[in-house]
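Data block below; observations after.
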Amino acid sequence: MRLPIDDHSFDQFLRDDLRDVSAMYWTPLAVIARAAEWLDDVDAKTVLDIGSGAGKFCVGSALASRARFVGLEHRASLVGAARKLARLFDVEERVMFVHAALDHDLVVEADALYLHNPFGENLFPASEQLDSNVELSDARYLRDVASVEHRLHNAAPGTHLLSYGGFGGAIPNSYQEVRVDSTLPSVLRMWQKRAQV
(Lines give C-alpha, C1' and ligand atoms only; values in the text may rest on other atoms or scores of the structure.)
Protein backbone atom coordinates (compact mmCIF):
# COMPACT_ATOMS: atom_id res chain seq x y z
CA MET A 1 0.00 0.00 0.00
CA ARG A 2 1.19 3.53 -0.70
CA LEU A 3 0.95 6.55 1.55
CA PRO A 4 -2.29 8.54 1.47
CA ILE A 5 -2.08 11.72 -0.58
CA ASP A 6 -1.97 14.14 2.32
CA ASP A 7 -1.62 14.43 6.07
CA HIS A 8 -5.29 15.27 6.53
CA SER A 9 -6.30 11.94 4.96
CA PHE A 10 -3.82 9.96 7.06
CA ASP A 11 -4.69 11.79 10.27
CA GLN A 12 -8.34 10.75 9.93
CA PHE A 13 -7.20 7.35 11.23
CA LEU A 14 -6.02 8.92 14.51
CA ARG A 15 -8.17 9.61 17.56
CA ASP A 16 -9.61 13.13 17.59
CA ASP A 17 -7.24 14.35 20.32
CA LEU A 18 -4.20 12.98 18.45
CA ARG A 19 -5.40 14.34 15.11
CA ASP A 20 -5.68 17.80 16.67
CA VAL A 21 -1.98 17.86 17.60
CA SER A 22 -0.64 16.09 14.52
CA ALA A 23 0.91 19.16 12.93
CA MET A 24 2.78 19.97 16.14
CA TYR A 25 3.95 16.51 17.19
CA TRP A 26 3.85 13.91 14.40
CA THR A 27 6.08 13.67 11.32
CA PRO A 28 4.49 15.02 8.10
CA LEU A 29 3.92 12.54 5.26
CA ALA A 30 6.28 14.42 2.92
CA VAL A 31 9.08 13.80 5.43
CA ILE A 32 8.02 10.18 5.90
CA ALA A 33 8.13 9.60 2.14
CA ARG A 34 11.63 11.08 1.83
CA ALA A 35 12.92 9.20 4.89
CA ALA A 36 11.46 5.93 3.55
CA GLU A 37 13.20 6.51 0.23
CA TRP A 38 16.54 7.13 1.94
CA LEU A 39 16.12 4.10 4.21
CA ASP A 40 15.47 1.87 1.20
CA ASP A 41 18.47 3.38 -0.61
CA VAL A 42 20.78 2.30 2.24
CA ASP A 43 18.96 -1.03 2.64
CA ALA A 44 18.03 -0.37 6.29
CA LYS A 45 16.59 -3.49 7.88
CA THR A 46 15.36 -2.21 11.26
CA VAL A 47 14.68 1.40 12.22
CA LEU A 48 14.22 2.60 15.81
CA ASP A 49 11.95 5.64 16.16
CA ILE A 50 12.73 7.22 19.53
CA GLY A 51 9.63 9.00 20.81
CA SER A 52 7.25 7.36 18.33
CA GLY A 53 4.10 9.02 19.67
CA ALA A 54 0.93 7.94 17.85
CA GLY A 55 2.95 5.85 15.37
CA LYS A 56 2.60 8.00 12.27
CA PHE A 57 6.27 7.79 11.26
CA CYS A 58 6.57 4.02 11.79
CA VAL A 59 3.29 3.11 10.11
CA GLY A 60 3.71 5.58 7.25
CA SER A 61 7.29 4.48 6.65
CA ALA A 62 6.28 0.81 6.68
CA LEU A 63 3.76 1.61 3.94
CA ALA A 64 6.42 3.34 1.86
CA SER A 65 9.56 1.23 2.45
CA ARG A 66 10.87 -2.30 2.96
CA ALA A 67 12.30 -1.78 6.47
CA ARG A 68 10.99 -3.01 9.81
CA PHE A 69 10.17 -0.32 12.41
CA VAL A 70 10.30 -0.27 16.20
CA GLY A 71 8.69 2.69 17.93
CA LEU A 72 9.78 3.55 21.46
CA GLU A 73 7.22 5.59 23.40
CA HIS A 74 6.86 6.42 27.11
CA ARG A 75 3.08 7.06 27.10
CA ALA A 76 1.02 3.85 27.29
CA SER A 77 -2.00 5.54 25.66
CA LEU A 78 0.09 6.51 22.62
CA VAL A 79 1.51 3.00 22.33
CA GLY A 80 -2.07 1.69 22.26
CA ALA A 81 -3.07 4.23 19.58
CA ALA A 82 0.04 3.38 17.53
CA ARG A 83 -0.66 -0.35 17.68
CA LYS A 84 -4.22 0.30 16.53
CA LEU A 85 -2.90 2.40 13.63
CA ALA A 86 -0.55 -0.44 12.60
CA ARG A 87 -3.50 -2.87 12.61
CA LEU A 88 -5.66 -0.51 10.55
CA PHE A 89 -2.97 -0.27 7.87
CA ASP A 90 -2.10 -3.98 8.12
CA VAL A 91 1.60 -3.45 8.81
CA GLU A 92 1.79 -5.25 12.16
CA GLU A 93 4.31 -7.75 10.79
CA ARG A 94 6.85 -4.97 10.22
CA VAL A 95 5.93 -2.45 12.93
CA MET A 96 6.24 -2.91 16.68
CA PHE A 97 5.72 -0.39 19.47
CA VAL A 98 7.47 -0.66 22.83
CA HIS A 99 6.16 1.10 25.93
CA ALA A 100 9.30 2.20 27.76
CA ALA A 101 11.31 5.22 28.79
CA LEU A 102 14.64 5.80 27.14
CA ASP A 103 17.68 4.85 29.17
CA HIS A 104 21.20 3.52 28.69
CA ASP A 105 20.15 -0.06 29.51
CA LEU A 106 17.33 -0.36 26.96
CA VAL A 107 18.50 -2.56 24.09
CA VAL A 108 16.71 -2.42 20.73
CA GLU A 109 18.75 -3.76 17.83
CA ALA A 110 18.50 -1.39 14.86
CA ASP A 111 20.71 -0.34 11.99
CA ALA A 112 19.03 3.08 11.73
CA LEU A 113 17.56 5.55 14.21
CA TYR A 114 14.94 8.25 13.63
CA LEU A 115 14.58 11.34 15.80
CA HIS A 116 11.89 13.98 15.36
CA ASN A 117 12.69 16.34 18.22
CA PRO A 118 11.56 13.62 20.66
CA PHE A 119 12.42 15.49 23.85
CA GLY A 120 11.29 19.03 23.03
CA GLU A 121 8.02 18.59 24.91
CA ASN A 122 10.02 18.62 28.16
CA LEU A 123 10.81 22.29 27.49
CA PHE A 124 7.31 23.36 26.40
CA PRO A 125 5.02 25.32 28.72
CA ALA A 126 2.43 23.08 30.40
CA SER A 127 -0.30 24.45 28.10
CA GLU A 128 1.52 23.00 25.05
CA GLN A 129 2.31 19.58 26.51
CA LEU A 130 0.16 16.60 25.52
CA ASP A 131 -0.69 15.76 29.12
CA SER A 132 0.90 15.42 32.54
CA ASN A 133 0.83 11.60 32.66
CA VAL A 134 4.61 11.26 32.31
CA GLU A 135 7.57 13.09 33.77
CA LEU A 136 8.37 16.20 31.75
CA SER A 137 11.18 18.40 33.04
CA ASP A 138 14.50 20.00 32.21
CA ALA A 139 16.21 17.14 34.06
CA ARG A 140 14.33 14.55 31.99
CA TYR A 141 15.29 16.41 28.81
CA LEU A 142 18.99 16.31 29.73
CA ARG A 143 18.83 12.60 30.68
CA ASP A 144 17.12 11.62 27.42
CA VAL A 145 19.47 13.68 25.24
CA ALA A 146 22.42 12.08 27.04
CA SER A 147 20.92 8.61 26.45
CA VAL A 148 20.67 9.23 22.70
CA GLU A 149 24.24 10.57 22.59
CA HIS A 150 25.37 7.44 24.46
CA ARG A 151 23.45 5.19 22.02
CA LEU A 152 24.93 7.00 19.00
CA HIS A 153 28.44 6.74 20.43
CA ASN A 154 28.06 2.98 21.01
CA ALA A 155 26.27 2.17 17.74
CA ALA A 156 27.93 -0.15 15.26
CA PRO A 157 29.79 1.35 12.29
CA GLY A 158 27.41 1.71 9.35
CA THR A 159 24.48 2.74 11.57
CA HIS A 160 22.36 5.48 10.01
CA LEU A 161 20.72 8.35 11.86
CA LEU A 162 17.83 10.37 10.46
CA SER A 163 16.94 13.58 12.24
CA TYR A 164 14.01 15.87 11.54
CA GLY A 165 14.04 18.99 13.68
CA GLY A 166 17.02 17.73 15.69
CA PHE A 167 17.04 16.13 19.13
CA GLY A 168 18.83 18.68 21.29
CA GLY A 169 22.16 16.90 21.46
CA ALA A 170 25.39 16.63 19.51
CA ILE A 171 25.99 14.18 16.69
CA PRO A 172 29.30 12.40 17.45
CA ASN A 173 32.26 13.18 15.15
CA SER A 174 32.23 9.53 14.07
CA TYR A 175 29.09 10.27 12.00
CA GLN A 176 29.28 11.69 8.50
CA GLU A 177 26.33 13.58 7.05
CA VAL A 178 25.32 11.80 3.84
CA ARG A 179 21.99 13.40 2.88
CA VAL A 180 20.11 16.64 3.51
CA ASP A 181 16.68 17.80 2.35
CA SER A 182 15.98 21.43 3.14
CA THR A 183 12.84 21.63 0.94
CA LEU A 184 10.64 20.17 3.70
CA PRO A 185 8.95 22.22 6.47
CA SER A 186 12.05 21.55 8.60
CA VAL A 187 15.39 20.07 7.55
CA LEU A 188 15.69 16.28 7.28
CA ARG A 189 19.25 14.98 7.64
CA MET A 190 20.85 11.56 7.41
CA TRP A 191 24.21 10.58 8.89
CA GLN A 192 26.17 7.33 8.76
CA LYS A 193 28.56 6.17 11.43
CA ARG A 194 31.99 5.66 9.90
CA ALA A 195 34.08 2.59 10.55
CA GLN A 196 36.63 3.16 13.28
CA VAL A 197 40.16 3.50 11.99
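Scanning the range 78-98 for residues that are touching a helix residue (DSSP H, G or I) at 6+ places or on another chain (Cβ under 9 Å) and over 20 Å from GLU109 (Cβ atoms) yields LEU78, ALA81, LEU85, LEU88, PHE89.
Could you please let me know if ALA54 is among the aliphatic types (A, V, I, L, M) and either assigned to a helix (DSSP H, G or I) or within 17 Å of LEU188 (Cβ to Cβ) (or both)? Give the steps one after another, and end with the answer.
Details: among the aliphatic types (A, V, I, L, M): yes; either assigned to a helix (DSSP H, G or I) or within 17 Å of LEU188 (Cβ to Cβ) (or both): no.
In short, no.
Please determine whether any residue of the range 37-48 is touching a residue at least 12 places away in the same chain (Cβ under 8 Å) and touching a Pro at 6+ places or on another chain (Cβ under 9 Å). No.
Of everything in the range 23-55, what is hydroxyl-bearing (Ser, Thr, Tyr) and crowded, with 23+ Cβ neighbours inside 10 Å? Give them in sequence order.
Restricting attention to the range 23-55, the residues satisfying the condition of being hydroxyl-bearing (Ser, Thr, Tyr) are 25, 27, 46, 52.
Passing the criteria: THR27, SER52.
Within the range 171-197, the set of residues being more than 16 Å from GLY158 (Cα to Cα), without any contact (Cβ under 8 Å) to a residue 60 or more places away in the chain and outside any loop (DSSP other than H, G, I, E, B) comprises VAL180 only.
Here is a yes/no grid of residues against (1) at pLDDT below 95; (2) surrounded by fewer than 19 Cβ atoms within 10 Å (Cβ to Cβ):
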{"residue": "PHE57", "(1), (2)": "no, no"}
{"residue": "PHE69", "(1), (2)": "no, no"}
{"residue": "ALA76", "(1), (2)": "no, yes"}
{"residue": "PHE97", "(1), (2)": "no, no"}
{"residue": "LEU102", "(1), (2)": "yes, no"}
{"residue": "LEU106", "(1), (2)": "yes, yes"}
{"residue": "ALA112", "(1), (2)": "no, no"}
{"residue": "SER137", "(1), (2)": "yes, yes"}
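Of the residues contained in the range 117-126, one or more are found to be of a type outside the set (Phe, Trp, Tyr) and either under 20 Å from SER61 (Cα atoms) or modelled with pLDDT of 95 or more (or both). Within the range 123-170, restricting attention to residues that are of a type in the set (A, V, I, L, M) and assigned to a helix (DSSP H, G or I), the residue that is farthest from ASP40 (Cα to Cα) is ALA126. ASN133 fulfils the conditions (1) in contact (Cβ under 8 Å) with a residue 24 or more places away in the chain; (2) buried (at least 20 other Cβ atoms within 10 Å of the Cβ); (3) more than 21 Å from SER65 (Cβ to Cβ) except for a single criterion, (2). Taken over the range 21-47, the criterion of being outside any helix (DSSP H, G or I) and in contact with a Phe, Trp or Tyr (Cβ under 6 Å, 6 or more places away or on another chain) is satisfied by THR27, VAL47.
For LEU102, state whether it is closer than 27 Å to ARG194 by Cβ and in contact with a helix residue (DSSP H, G or I) (Cβ under 8 Å, 6 or more places away or on another chain).
On the way: closer than 27 Å to ARG194 by Cβ: yes; in contact with a helix residue (DSSP H, G or I) (Cβ under 8 Å, 6 or more places away or on another chain): yes.
Taking the combined requirement at face value, the residue satisfies it.
The values are calculated or read from the model by the stated rules, or taken from the named source; none is laboratory data. None of the values given here were measured: they were computed from a predicted structure. Cβ sites come from the backbone with ideal geometry, for glycine too, and all protein chains shown count toward neighbours.
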